[in-house]
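Structure record follows, encoded as structure tokens.
The values are calculated or read from the model by the stated rules, or taken from the named source; none is laboratory data. Just so you know, these numbers come straight off a predicted model, no measurement behind them. So basically every Cβ, Gly included, is an ideal-geometry build from the backbone, and we count neighbours across all protein chains shown. Remember, those area values only see protein heavy atoms, side chains included, never the ligands or the DNA or RNA. Shrake-Rupley method; radii C 1.70, N 1.55, O 1.52, S 1.80 Å.
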Amino acid sequence: MTGSSTQGIKTVLHPVSDLAAAKQVYTALLGVPPQTDESYYVGFEVAGQHIGLVPGGGPQGMSAPVAYWHVPDIEAKLAEVTAAGATVKEAAHDVGGGRLVATFTDPDGNLLGLLQDR
């Protein structure tokens, strides 16, 4: 199969009910303070990965952690996975700083993410 490549899972977002409590646990776990610390999002950069805490699951309503596969062309990869049987949940959109994200479900309903930095 020839298609667009991925750069691996580099971002995992976790929905949390208590952002302050979760921030303390993840700071202890990761051994670094958050690089982004806002009321709507806390993000850590460690070992080449981004770990994000999203209060209440954010506008996308996450109920479980979501792994984001980094890709060079989000539209091409989204077309490729949907042609293979995935269902788009959240179309590609800019979340700031030129970063595009999208989510889709596999045939079993597992939520997966795509992320492209421009």
Excluding residues fewer than 8 positions from residue 23 in its own chain, the lysines with Cα under 25 Å of it are 10
Provide the net charge surrounding residue 84, with neighbours chosen by a C-beta distance below 12 Å and charges set as Lys +1, Arg +1, Asp -1, Glu -1. -1
Using the alpha-carbon atoms, what tilt in degrees (0 to 90, nearest 10) does helix 19-30 show relative to the longest principal axis of the chain? 80 degrees
By how many degrees, between 0 and 90 and to the nearest 10, does the Cα long axis of helix 74-83 differ from the longest principal axis of the chain? 60 degrees
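Using a 1.4 angstrom probe on heavy atoms only, work out the carbon and sulfur share of the accessible area of the chain in %. Numbers along the way, then the final one.
Details: 3540 of 6510 Å².
Answer for the chain is 54 percent, counting heavy atoms of protein chains only.
At 1.4 Å probe size, with every protein chain present, just tell me what the per residue accessible area of region 1-56 comes to in Å².
Numbers: 3350 Å² over 56 residues.
For region 1-56, the per-residue accessible area is 60 Å².
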Given 0.36 nm per residue, what is the gain on full extension from residue 30 to residue 76 after removing their alpha carbon distance, in nm? 13.2 nm
FRET efficiency, 1/(1 + (r/R0)^6) with R0 22 Å, evaluated for residue 5 and residue 84 via beta carbons: 0.90
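With a sphere of radius 10 Å drawn around the Cβ of residue 69, what net charge do the other residues whose Cβ falls strictly inside it have (Lys, Arg +1; Asp, Glu -1)? Please report the intermediate quantities before stating the final value.
Numbers: positive: 10, 77; negative: none.
That sum, taken over residues with Cβ under 10 Å, equals +2.
Around residue 20, what is the net charge, scoring Lys/Arg as +1 and Asp/Glu as -1 over all other residues with Cβ under 13 Å from its Cβ?
Details: positive: 23; negative: 18, 37, 38.
Around residue 20, the charge tally is -2.
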Can you work out the base-10 log of I(q)/I(0) for the chain at q = 0.14, 0.16, 0.21, 0.22 1/Å, using the Debye formula on its C-alpha atoms alone? -0.59, -0.76, -1.20, -1.29
